[in-house]
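Comments concern the structure below.
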Amino acid sequence: MTYRFSGLIASGMFLLCCSCSGGAPLDLCSNENPCREGMTCNPEQECVSVEPLEIVTEFLPKASVGTLFEAQLAAQGGLQPYRWRMDSPYSWLTLDEETGVLRGTPTGVSATQPVTITVTDSSYGAGRSRTRQLPLSVAECESTETKPCHVSEEGVCRSGLRLCVEGVWTECTSTTPSADLSHCDASCSACPAGVSDRCAAGMCRCGNGPVCSEAEACCESGCQDLDISTENCGECGHDCDGLVKNGIGVLCDGGRCDYEECQPGFLDCDGDRENGCEQEMDAAHCGGCETSCLGRFQNVEGVECLVTDGGFVCAYRACRSGYLDCDNDPDNGCEQAFDDAHCGGCRNDCSENGTNRACVGNFATGNAHCGCREGSDCQSGAEQCCDDTCVSMSDDAHCGSCALDCASGGLRCVSPTPGELRCGCLGDGDCAGGVCCNFACRPQDDENCGGCDRACGIGFGGPHCDVSASECYCEDDGECRDFVGSYASCAQTDVGDRCACGPNATCQGGAASQCCRRMVGPGQWRFECVDTASDPAACGRCDVYCIKVDGTLGQCHQGGCAYGGVNGKCPRNSPAPDAVEGQATGYCVCATFGAGNGACPGGRYCCDGSAGGQGGPEGAADRGCCVEICGQNVPGGCIFQ
């Protein structure tokens, strides 16, 4: 490390300087003030540590006569950049002093000689230098190399080899006659092009023959006259048969392909005889190069050129979509566009129709039919224009308007009131298993089974609806009995389980039609439907008889026995028998009996169970003919059976 000091020193004082680095003192380094070992003085005259300078290139590659020689010299250590110089016995060799590249092209063979190389680094002053001698030799070839050679002997060219001996090529040693087109004939030069195609036995030839004359050319191993040969017209391989298109009498004239005439159906429109009749007759060239069918017809497709007995004729295959040929004149094409009077056909006049009076459709595809564009094209008031077609206002798919599609939902267009159109039904068949009620579909259920408001009940066979059969059915006897004591049952029939009254009757239920039994003999009963509101043998319910004291049946009025007392009942809390003013004297029937028939014994009270007490069945409230006033009886105090 170097230290520097600056400033004024007081009078009488001294400054002692030293170098702590052990090299040059604090003064700048120079040739007179060198740095210590292992260091060098850089261009700024500072001592820096560096590796020793040396040339690391140990040898140079061999140089060959006539071939560019190039080698990169290398050095290490010292201070870069380096400068190079050379002392060489070879005048052709140069050295780039900045890059250290040796370059040059040797002009002659030379034994190995030293080339002295010096490299100088960028140290202060002239820099430090190192020198090294590198051997360099120049030869024509390597000892293992050979190369072909040709030599003329006895009027022919022969091919051989030259060997490399001690870096120098030997003379050509002849071995066999040359077969090389580039080295042939006595001069061992190239065979003349165009008149020969090979070198055989050291001589130029065309195929198996001699070289062709100047008026000929060697084509496919033979001499050909290019002026007349159709296979080689003007040059080898120029085959007129393949070049002249659609020609008759193909020939070669003066080295150019030609023909006598065009084949039928073809034309020579470019004036080039060598390519023949290149243009096939078509719609643009019908019978002549300038005769075109294109643009001749209006509104047509497939314009073509036809061959007829009279020659070539322009024609077309069809009218363009949306057009017709109505005047039968083929020369003007399809003059008539689709319109209301010519809708898809010359005689299809929509305007004469009573409805669908407009021509509609996709004219671009030729799809046209009589239809409508607006409502005025249809019958006024009765039809509407939907999707280009007149349809009835009551059409199921366009009910009252084009947008209302009843048919998609399986419904019909209905008119419940004049002027009203909506989706609905006209019959059960429109309701997909349901029922049609006032133009509206209802699903079949217990309230609408097989018909509108046909509620399932006892009279229809039971409380449940079999939707698949549109019939009512029952599941047990209790569902067929709406009154206490009814004898109706849920019986199996040929159409399923149905409410029945015996084997032959079906009651409607309610007070007016209850299934009750009639005794027809000891232990024998007949079941029939009775009106419990008026039947004295089933008054109010089955098995309630209105029996008078004399054993005959009295009257039943609104489900109650109507003789003696009030409606056949003893007055409440009045002892029986009792007489009611204005009515016949007799015994009253206490309707609270379990069986309902029989009069209360004298002095008994008729109780209906509403006053309390314990004289009823199993200690329940007083009911029947009771000993005490209603509500005051103890268990067993009432007769109720």
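We did not get these values from a lab; they are worked out from the coordinates using the rules stated. Note that the structure is a prediction, hence the values are computed from the model and not measured. For neighbour counting, all protein chains shown are included, and Cβ atoms are generated from backbone atoms with ideal geometry for every residue, glycine included.
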Next item on the list: Could you please report the charge total around TRP525, scoring K, R as +1 and D, E as -1 over all other residues with beta-carbon less than 13 angstrom from its beta-carbon?
Entry: +1
Check: Given H placed on each backbone N at 1.01 Å, which residues far from GLY265 in sequence or on other chains put an amide H within less than 5 Å of it?
Finding: none
Item checked: Rounded Å value of the spacing that divides the Cα centres of segment 30-108 and segment 435-513 -> 127
Checklist line | Per-residue Cβ neighbour rank within 10 angstrom, fewest leading, ASP340, ASP227 | finding: ASP227, ASP340
Next item on the list: Taking chymotrypsin sites (Phe, Trp or Tyr not before Pro) as candidate sites, keep only those in a DSSP loop with at most 13 other Cβ atoms within 10 Å, then name the longest stretch of the chain containing none of them.
Entry: 60-641
Notebook entry, point to check: Using the Cβ atoms and a cut-off under 12 Å, what net charge is assigned to the surroundings of GLU475, where Lys and Arg are +1 and Asp and Glu are -1?
Noted result: -4
Margin query: Apply the Karplus curve 6.51 cos²θ - 1.76 cosθ + 1.60, θ = phi - 60°, to the phi angles in segment 123-128 and return the couplings in whole Hz, x for Gly and Pro.
Written below: 4, 4, x, 7, x, 8
Next item on the list: Pairs of Cα atoms under 8 Å, at least six residues apart: use those to get the relative contact order of the chain, whole percent.
Entry: 3
Next item on the list: Using amide H atoms built 1.01 Å from N in the peptide plane, name the residues 5+ places from LEU60, or on other chains, whose amide H lies under 5 Å from its own.
Entry: none
Next item on the list: Would you tally the net charge around CYS149, using a Cβ to Cβ cut-off of less than 14 Å, leaving CYS149 out, and scoring K and R as +1, D and E as -1?
Entry: -2
Margin query: Once each part is reduced to its C-alpha centroid, what is the distance from segment 156-214 to segment 328-352 in angstrom?
Written below: 86
Margin query: Neighbour counts of other C-beta atoms within 10 Å: give me LEU324, LEU243 arranged from fewest to most.
Written below: LEU243, LEU324
Next item on the list: Among ARG317, ARG541, rank each residue by its count of other Cβ atoms within 10 Å, from fewest to most, as a rough exposure measure.
Entry: ARG317, ARG541
Item checked: Mean residue ellipticity (222 nm) of the chain, computed from DSSP H runs ≥ 4 via -39,500 (n - 2.57), nearest 500 -> 0 deg cm²/dmol
Notebook entry, point to check: Given H placed on each backbone N at 1.01 Å, which residues far from CYS626 in sequence or on other chains put an amide H within less than 5 Å of it?
Noted result: TYR605, CYS606, CYS607, ILE639
